[in-house]
Every structure is written in C-alpha cells, then in structure tokens.
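Quick one: structure below, then a few questions.
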Amino acid sequence: MMRMQKTLLGAGGLALSFLATSVLAQSLTQAEIDKLGNQLTPIGAERSGNAAGTIPEWTGGLDQNAGRMVGDNFQSNPYADEQPEFVITAQNYAQYRENLTPGQIAMFERYPETFRMPVYQTHRSIGYPQSVYDQVKRTAGQAKLVNGGDGIDNFSHGTFAFPIPKSGAEVVWNHNTRYRVNIKRWYMQAMPQTNGSYTLIKLEEEVGYPQLMDDVDESTMPNTLLFFKQRVNAPSRLAGNVLLVHDTLDQLKEPRMAWVYNAGQRRVRRAPQVAYDGPGTASDGMRTSDNFSMYNGAPDRYDWKLIGKKEIYVPYNSYKMTQRELKYDDVLQAGHINPEHTRFELHRVWEVQGNVKAGQRHIYAQRNFFVDEDSWMINLADHYDGRGTLWRVGEGHIAHNYVEKIPGYAIETLYDLLAGRYIALGMYTEEVSAPQYDFQPSYNQFTPAALRAAGVR
C-alpha cells in the first residue's frame, strides 16, 4: 500500500493568500463542513441514491479484496458476470435524451450504424484511503482561488481543494488537483484513420508528487503540483523523444516549465508549446496538450460557469478495458472504439462550461466538462470550435484500482466529429505491466539534465 499522505500548507500560505490579487474565498460554513462524511461522502458527493433508485447510496466503494491480482499489477474485473440492462443506440436514444450529453447524441448521429452504449447496473465503486478523508475534513474551506480563479493558494497536497464547490473554477481545480500518487506506466496511443488503420505509439510515463518524494523539501516549492516525464518508445521514427513537465498550482505566478529531448538532434530544448492548445505528443494533431488526462494545466484562458448537477450515462467501471487478454486490435476500429468492450452507468456529474475569455485564444472556444461526483474526475468533455460547432467529444473511461484505492482512466478517447477520426490513449493491456503504484522516484529523474540519458536510443 502507498505511504500515508503528508499535509503541505504552502509557505506563508494563509498570509500570502491575503496578499494575492483577486483572492476568492470559498467561504464554507462549519455546518457545510460538518456534512462531509455525513449527508455528503467524505469528498463531497451526495451520499444518498436518487429518487428513482437507479443510482444507489454510496457505502464506501469497493473493498480491497473485491477481486484478485493476476500478475504484473493487473486486477480482475469485479463485475465480470454482469450483463447490460439495456443498450442505447441511434434508433432509441431519444427516449434517454435527458440523461445524455450533446456529445453523446452527436456520436449517435455521426455513427448511427455502429455507435452504441451498453448500460449496466450502477455501482458507486470509488473509495479513497482514510488518510484522504481525514485530510479533506481537516482542510475543507482553507484553499482559495487567486487571480479570479486562475490559480489556487493555501492548498493541502494530497487532498481535494474544494469538496463543496461554489463555482465552475473550483470544480475544474478539483479535477486538476485530485488525489493521486507517484506512478509509472506504459501505455499506447493510436489515431485510427477513417478506414480503421492505425499505428501504435508506445509511451512510458513517470509522475512524481513533491509530498511523496523523499528527496524533495516541500517547503521550498509550495507552488509545485507535480513532475511529469514521458518517453516515446515506438515507432522507431519517434523512439527516444522525451518530454519533461513541472506543473504549478498558480501558473500565472509561476508558469508551467517544460522541456523536450529530440533524439534525432540529441538536444534538450525548452518547450513553451506544451500547454493549452499546443499539439499533444505524437498525436498527429488529434489532441491538444490540455486534452491529456481529459484536462490539465492552467485554466486561465476560460471563464468557467457551474451549470449544476445532472444524471448522465457515463463510461464507468470500465474493467473490461483493463484485462490482460484484451488486444488493442479488438478495441480500435473505424470511427470509435469497439462498444463491445465499453460499459456505461448512470451517475451524478457536475457540468462546468468554459468559454474563452475576451482577449484570449484557444482552438476550443467552448468546453463542457461532466465531472464524476465520486472521484472529481472528468468523465465526458464536449469541445466546440470558434463557430459554435460541436467539434470533438471526449470520453474518460474510469476504472477504479480497488487495491490501491485510487481511480484512473482505462482509456481516454477524443472523437473528431468533423474529420471522422479519433485518438485513443492510456490503454495498457498488452504492455509489460499495468500502472505501477509502488514507484518511488527521486527529484533527479525530473531535471532537464536527466532528459538526455532518458532519451538515448
């Protein structure tokens, strides 16, 4: 099991928060905080089920013994014996319309013969370590938005900043700062053509969090969120290229720092383009840098509006996508991934709408996120172009690691409705291991000087 999280308050945290420009206090009352772990789950979701009985009460999530380990960090599917309760198709989606997103409806209309959503019984499977719950309760109401929501201050690493959100920006920050741990993973990325043909991009990734690294003095970097390194291992024309990112909590005060090592040139360069709508690594222009992990990075180019909570059929408990026997060729096909291996459930999500601010630019003029209340992870994302046309539809297929008690994405997809192509990334069933959570990195692994060594062919 992972080490217990250490609490970090930024150096001078509270004092600095009062000095920061345009500080937005969350203003939680003690009565609201007392709801955490009672009417609300320990991280702020509604504990009760819905009136129709189609969403159950949260009772703690999956037990650590819900399944079995099957080698190389893979876990069995705890719901393997379940069958879909019904299937939503282009022919019947109208009767489920109120529980679908505009992006899902667009997928039915774009691919009427092949796109479908098998809907299963809803399981609120996600639960976190007790240390996370304790920290959320202890620090609730302390984090503050700064610069109109563009940054965050007085944040306790390893927890959720705004368990009872009052604004769209707070929900976005919950996704960006959600509880995560050091991880090493190997996975694939593919961009199928309209005929279904694809080339696999093999990626290797390491992520470190300052509060979980023995050789990092947290007090010297209170604004640091994470360290990220990504290496391309295949195909040969891209192999050896490496990306390094240092992400911050307030990117206006301290912008993201990024470097790339180009194996062909054998040079390390600063990479300011690895942010916002800069092209994603080896993505053939099919995703932006901030499409990774459904959304990441500085939120300052958007005004974020909290639309509210909805009940939506979302990709959830996607354990079929994590089983060793599943081959990429079984999943990747023309237009969209194979629905045979997907699983949708009815869950409550927060909808947040982002519109590009006046004077700012981004290829997505509007983005609508649908954020799972039990994990604060973005489940679905609709992206609109400058003409107001729905352009790209994102799916984050959530699968909960019940042993480590941490949810992740079994696969992320981003469908380009206009081009008829898509990108799929994060799938690991044919790799050397499932995500490795006992990874103990050192700071030296995340320095520009380490890039050249990491990129040697």
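Just to be sure, is residue 251 in a strand (DSSP E or B) and surrounded by 19 or more Cβ atoms within 10 Å (Cβ to Cβ)? Spell out the reasoning first.
On the way: in a strand (DSSP E or B): no; surrounded by 19 or more Cβ atoms within 10 Å (Cβ to Cβ): yes.
Against the criterion (in a strand (DSSP E or B) and surrounded by 19 or more Cβ atoms within 10 Å (Cβ to Cβ)), residue 251 does not qualify.
Conditions: (1) in contact with a helix residue (DSSP H, G or I) (Cβ under 7 Å, 6 or more places away or on another chain); (2) free of Cβ contacts under 8 Å to residues at least 40 places away in the same chain. Residue 268 meets all but one. Number of the miss?
Condition not satisfied by residue 268: (2).
Determine which single condition residue 160 fails, assuming it passes every other condition in (1) under 17 Å from residue 58 (Cβ atoms); (2) within 20 Å of the chain's Cα centre (by Cα); (3) modelled with pLDDT of 95 or more.
(3)
Ok, one more. So which residues in the range 94-115 are farther than 16 Å from residue 414 by Cα and either of a type in the set (D, E, K, R) or at pLDDT below 95 (or both)? Can you show your working first?
To start, the set of residues in the range 94-115 that are farther than 16 Å from residue 414 by Cα comprises 94-100, 109, 112-114.
Those that are farther than 16 Å from residue 414 by Cα and either of a type in the set (D, E, K, R) or at pLDDT below 95 (or both): 97, 98, 109, 113.
I've got another one for you. If a residue has to be surrounded by fewer than 21 Cβ atoms within 10 Å (Cβ to Cβ) and in contact with a Gly (Cβ under 9 Å, 6 or more places away or on another chain) to count, how many in the range 305-318 make the cut?
So the answer is 3.
When you check residue 324 against the structure, is it surrounded by fewer than 18 Cβ atoms within 10 Å (Cβ to Cβ), in contact (Cβ under 8 Å) with a residue 24 or more places away in the chain, basic (Lys, Arg) and in a loop (DSSP other than H, G, I, E, B), yes or no?
On the way: surrounded by fewer than 18 Cβ atoms within 10 Å (Cβ to Cβ): yes; in contact (Cβ under 8 Å) with a residue 24 or more places away in the chain: yes; basic (Lys, Arg): yes; in a loop (DSSP other than H, G, I, E, B): yes.
For residue 324, the condition - surrounded by fewer than 18 Cβ atoms within 10 Å (Cβ to Cβ), in contact (Cβ under 8 Å) with a residue 24 or more places away in the chain, basic (Lys, Arg) and in a loop (DSSP other than H, G, I, E, B) - is met.
If you go through the range 193-204, how many residues are in contact with a Phe, Trp or Tyr (Cβ under 7 Å, 6 or more places away or on another chain) and surrounded by fewer than 22 Cβ atoms within 10 Å (Cβ to Cβ)?
Within the range 193-204, the subset in contact with a Phe, Trp or Tyr (Cβ under 7 Å, 6 or more places away or on another chain) is 200, 203-204.
This time we only want the ones that are surrounded by fewer than 22 Cβ atoms within 10 Å (Cβ to Cβ), so: 200, 204.
Residues in the range 193-204 being in contact with a Phe, Trp or Tyr (Cβ under 7 Å, 6 or more places away or on another chain) and surrounded by fewer than 22 Cβ atoms within 10 Å (Cβ to Cβ): 2 in total.
So which residues in the range 70-127 are without any contact (Cβ under 8 Å) to a residue 12 or more places away in the chain and either under 24 Å from residue 46 (Cβ atoms) or touching a helix residue (DSSP H, G or I) at 6+ places or on another chain (Cβ under 6 Å) (or both)?
97, 98
Which ones in the range 275-324 are among the basic types (Lys, Arg) and out of contact with any strand residue (DSSP E or B) (no Cβ under 7 Å at 6 or more places or on another chain)?
To start, the set of residues in the range 275-324 that are among the basic types (Lys, Arg) comprises 287, 301, 305, 309-310, 320, 324.
Scanning the range 275-324 gives 320, 324.
Condition check ((1) in contact with a Phe, Trp or Tyr (Cβ under 6 Å, 6 or more places away or on another chain); (2) closer than 21 Å to residue 410 by Cα) across all residues:
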{"position": "132", "(1), (2)": "yes, no"}
{"position": "141", "(1), (2)": "no, no"}
{"position": "155", "(1), (2)": "no, no"}
{"position": "169", "(1), (2)": "yes, no"}
{"position": "187", "(1), (2)": "yes, yes"}
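Need pairs with beta-carbon distance below 7 Å; first residue among the β-branched types (Val, Ile, Thr) and within the range 195-224, second assigned to a loop (DSSP other than H, G, I, E, B) and surrounded by fewer than 15 Cβ atoms within 10 Å (Cβ to Cβ); sequence gap 6+ or separate chains.
Qualifying pairs under 7 Å: 199/235.
Let me ask something else. Exactly one of (1) without any contact (Cβ under 8 Å) to a residue 24 or more places away in the chain; (2) not in a loop (DSSP other than H, G, I, E, B) is unmet by residue 367. Its number?
With respect to (1) without any contact (Cβ under 8 Å) to a residue 24 or more places away in the chain; (2) not in a loop (DSSP other than H, G, I, E, B), residue 367 is out only on (1).
Take the residues of the range 61-93 that are of a type in the set (Gly, Ala, Ser) and either exposed (fewer than 12 other Cβ atoms within 10 Å of the Cβ) or in contact with a strand residue (DSSP E or B) (Cβ under 6 Å, 6 or more places away or on another chain) (or both): which is modelled with the lowest pLDDT? First the steps, then the outcome.
Taking the range 61-93 as the starting set, the residues that turn out to be of a type in the set (Gly, Ala, Ser) are 61, 66-67, 71, 76, 80, 90.
Right, trim to either exposed (fewer than 12 other Cβ atoms within 10 Å of the Cβ) or in contact with a strand residue (DSSP E or B) (Cβ under 6 Å, 6 or more places away or on another chain) (or both) and you get 67, 71, 80.
Working: 67: 97, 71: 94, 80: 98.
Going through the qualifying residues, I end up with 71.
Kindly provide the set of residues from the range 250-274 that are polar (S, T, N, Q) and out of contact with any strand residue (DSSP E or B) (no Cβ under 8 Å at 6 or more places or on another chain), ordered by number.
Filtering the range 250-274 down to residues polar (S, T, N, Q) leaves 251, 262, 265, 273.
If the condition is that a residue be polar (S, T, N, Q) and out of contact with any strand residue (DSSP E or B) (no Cβ under 8 Å at 6 or more places or on another chain), then 265 is the only one that fits.
Could you tell me whether the range 389-401 includes any residue that is buried (at least 24 other Cβ atoms within 10 Å of the Cβ), touching a residue at least 24 places away in the same chain (Cβ under 8 Å), part of a strand (DSSP E or B) and acidic (Asp, Glu)?
yes
Now for a different question. Scan the range 181-188 and tell me whether some residue there is in a loop (DSSP other than H, G, I, E, B) and modelled with pLDDT of 95 or more. Quick ask: steps written out before the conclusion?
Looking only at the range 181-188, we keep the residues that are in a loop (DSSP other than H, G, I, E, B), and these are 181-182.
Of the ones still in play, those that are also modelled with pLDDT of 95 or more are 181-182.
The answer is yes, given that some residue of the range 181-188 is in a loop (DSSP other than H, G, I, E, B) and modelled with pLDDT of 95 or more.
Looking at (1) at pLDDT 95 or above; (2) of a type outside the set (Gly, Ala, Ser); (3) part of a strand (DSSP E or B), which is the one condition that is false for residue 152?
Unmet for residue 152, out of (1) at pLDDT 95 or above; (2) of a type outside the set (Gly, Ala, Ser); (3) part of a strand (DSSP E or B): (1).
Here's the yes/no breakdown for (1) within 30 Å of residue 168 (Cβ to Cβ); (2) within 20 Å of the chain's Cα centre (by Cα); (3) modelled with pLDDT under 95; (4) not hydroxyl-bearing (Ser, Thr, Tyr):
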{"position": "376", "(1), (2), (3), (4)": "yes, yes, no, yes"}
{"position": "390", "(1), (2), (3), (4)": "yes, no, no, yes"}
{"position": "414", "(1), (2), (3), (4)": "yes, yes, no, yes"}
{"position": "436", "(1), (2), (3), (4)": "no, yes, no, yes"}
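Within the range 159-178, can you find the residues that are outside any helix (DSSP H, G or I), of a type outside the set (S, T, N, Q) and crowded, with 24+ Cβ neighbours inside 10 Å? Don't jump to the end; show me each part of the working.
Residues of the range 159-178 outside any helix (DSSP H, G or I): 159-167, 177-178.
Keeping just the survivors that are of a type outside the set (S, T, N, Q) gives 160-166, 178.
Listed by number, the residues that qualify are 160, 161, 162, 163.
Which one of the conditions (1) surrounded by fewer than 18 Cβ atoms within 10 Å (Cβ to Cβ); (2) more than 15 Å from residue 229 (Cα to Cα); (3) modelled with pLDDT of 95 or more does residue 270 fail to meet, given that it meets all the rest?
(2)
The values are calculated or read from the model by the stated rules, or taken from the named source; none is laboratory data. Owing to the predicted nature of the structure, the values given are computational and were not obtained by experimental measurement. So basically every Cβ, Gly included, is an ideal-geometry build from the backbone, and we count neighbours across all protein chains shown.
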